[in-house]
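The next block holds one structure in the form of structure tokens; read it before the comments.
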Amino acid sequence: MKNLATAVLLLCHPLLFAQRPAPVTETARRYVDTLAAPGMHGRGYVNGGDSLAADWLAAQYDRIGLEKPGEQRFQRFSFPVNTFPDSVKVRIGGSDLRPGLDFITDPASGSDEGRFRIVHLTPEDLSAERKASTWAALEGGIALLHFPATKNRDSTALFTKLAEEVAQHAPVLRQGGATLTWSVALEALPHAVIELREGVMADSATVAVIEVKNVLLPKHDARNVLGVVRSKKRKAPWVLVTAHYDHLGQMGPDALFPGANDNASGTAMLLCLAERFKAHPAKVNLLFISFAGEEAGLLGSSFCAAHPPVDLKQVKLLVNLDLNGTGDDGITVVNAVEQKAVFDKLVAINKRSKDLPQVKPRGPACNSDHCPFAQLGVPAIFIYTMGGVSFYHDVQDRAETLPLTKFDGLYRTLTTLLQSLK
Ligand SMILES: [Zn+2]
């Protein structure tokens, strides 16, 4: 009987299933699936997606048993944001284009509806001496911009300015690349601006039928979600673990931006670390912050840095997690030079564990939520994974295709790092 029980136990033991992912990856998978599900509306500004995600996160923080700093689970702030709650339609040359795949609205697009004659415009048409006649020619039309492809920053800035100027007078079509990446805008132009995927527009097309309706929310309420695991030591310093949970939301009911890698993955990592350190507290006090408004311009982290829940002078380190869903090529550490001791520690941890193919240094970059804190002198690093799928700010950044290749390895690396801090 005893032997039989042992045999059954052995057969059921997870180690016998070599392909079975590590338990922490399974947990993370559930978090990513939930955060990137259609019911979260891309954690943006249509159907209150970001607010649904904030409530779900607060429930997770409660379940894990994270304390509320100053009795507050949320840190509230607000900002204006441009949204597209209704169906967005574009029909060119007799065929309906697929929202999110064949076209996107400019995040700052205004509204337009109707059948428009296509008017081809080059930068020369927008020169000072020709502008007046161009505006006259655009009457009742939609501008199709023929701006030369460029990577030059000044030219890009000039073309953006010209496109915005055209959108003061008429709706605009502009050519995008092979994949379309969306974003968030805090203001709206007077006319619709539509970006087309490379190759979807036939040269012979003369008419575009569009239906674009934006709604500018003048004061959108957003919430950072905060939770604490205290050290057993009195007077321990603070370490902040941060990850933004917001994403881009939806462009109408047909184009959902799930944001699985960006940043359901980092949010899942934050939750897994919170669970780990609630069970085994670190030598430092840990403050976990899920930021809102990152995609709208680091708004949640900027607000938090300006209204810090703990004295920033007591913060020993901030570890920001964004895009943690791959790892086939290892991780990059932003601010590696500025925080050399922490970077060297990560390299040493990985040298022993070999959990990650590479721990790569990168200089400062204001590309995620560590930045507003680093600018105030808080020691801060930002870790993202490299390799694997490269969907970014598009409708393809889905849970189903997110590999979480080195999630477990990164989790162990971060656990070792946080454990070592005192
Ligand atoms: Zn992100």
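The values are calculated or read from the model by the stated rules, or taken from the named source; none is laboratory data. Note that the coordinates shown come from a computational prediction; the quantities given were computed from them, not determined experimentally. Quick reminder, even Gly has a Cβ in these numbers, built from the backbone with ideal geometry, and neighbours come from all protein chains shown. For accessibility, only protein heavy atoms count, side chains too; no ligands or nucleic acids. Shrake-Rupley method; radii C 1.70, N 1.55, O 1.52, S 1.80 Å.
Quick notes on this structure:
- For Lys283, the test of being in contact with a Lys or Arg (Cβ under 6 Å, 6 or more places away or on another chain) and of a type in the set (Lys, Arg) is passed.
- Output for region 262-281, where each listed residue is of a type in the set (Gly, Ala, Ser), surrounded by fewer than 24 Cβ atoms within 10 Å (Cβ to Cβ) and under 15 Å from Leu414 (Cα atoms): Ala274
Rundown of residues vs (1) open to solvent by less than 20 Å² (accessible area, probe 1.4 Å); (2) farther than 15 Å from Lys213 by Cα; (3) touching a residue at least 12 places away in the same chain (Cβ under 8 Å), yes/no style:
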{"site": "Asp106", "(1), (2), (3)": "no, no, yes"}
{"site": "Glu113", "(1), (2), (3)": "no, no, yes"}
{"site": "His120", "(1), (2), (3)": "no, yes, yes"}
{"site": "Leu138", "(1), (2), (3)": "yes, yes, yes"}
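- Qualifying residues in region 391-422 (those that are under 16 Å from the mean Cα position of the chain (by Cα) and of a type in the set (D, E, K, R)) - the one surrounded by the fewest Cβ atoms within 10 Å (Cβ to Cβ): Arg398
- Leu196 falls short on exactly one of the conditions (1) open to solvent by 30 Å² or more (accessible area, probe 1.4 Å); (2) closer than 24 Å to Asp394 by Cβ; (3) in contact (Cβ under 8 Å) with a residue 60 or more places away in the chain, and that condition is (1).
- Some residue of region 350-360 being open to solvent by 30 Å² or more (accessible area, probe 1.4 Å), assigned by TED's automatic domain parsing to the domain that holds Leu287, closer than 18 Å to Gly327 by Cβ and hydrophobic (A, V, I, L, M, F, W, C): no
- The number of residues in region 164-189 that are open to solvent by less than 70 Å² (accessible area, probe 1.4 Å) and modelled with pLDDT of 95 or more comes to 14.
- Test: residue in region 207-226 that is in contact (Cβ under 8 Å) with a residue 60 or more places away in the chain and over 30 Å from Gly42 (Cα atoms): yes
- Every residue from region 228-270 that is over 30 Å from Ile210 (Cα atoms), more than 17 Å from the chain's Cα centre (by Cα) and touching a residue at least 40 places away in the same chain (Cβ under 8 Å): Val228, Val229, Arg230, Ser231, Lys232, Lys233, Ala236, Pro237, Trp238, Val239, Leu240
- Any hit, region 370-390, residues being surrounded by 18 or more Cβ atoms within 10 Å (Cβ to Cβ), of a type in the set (Val, Ile, Thr), more than 14 Å from the ligand (Cβ to nearest atom) and within 22 Å of Ser265 (Cα to Cα): yes
- Restricted to strands (runs of 3 or more DSSP E) entirely inside region 74-177, those with at least 3 residues that are not aliphatic (A, V, I, L, M) are 74-83, 112-121.
- Pairs, first at positive phi in region 68-88, second modelled with pLDDT of 95 or more and of a type in the set (Ser, Thr, Tyr), C-beta under 9 Å, six or more apart: none
- Qualifying residues in region 282-332 (those that are β-branched (Val, Ile, Thr) and away from the ligand (no atom under 16 Å from the Cβ)) - the one surrounded by the most Cβ atoms within 10 Å (Cβ to Cβ): Val284
- No other residue among Arg43, Arg76, Arg30 is open to solvent by 10 Å² or more (accessible area, probe 1.4 Å) and out of contact with any Lys or Arg (no Cβ under 9 Å at 6 or more places or on another chain) apart from Arg30.
- Of all residues making up region 241-257, the number that are open to solvent by less than 10 Å² (accessible area, probe 1.4 Å) and charged (D, E, K, R): 1
- For region 216-272, the tally of residues that are within 11 Å of the ligand (Cβ to nearest atom) and assigned to a strand (DSSP E or B) stands at 2.
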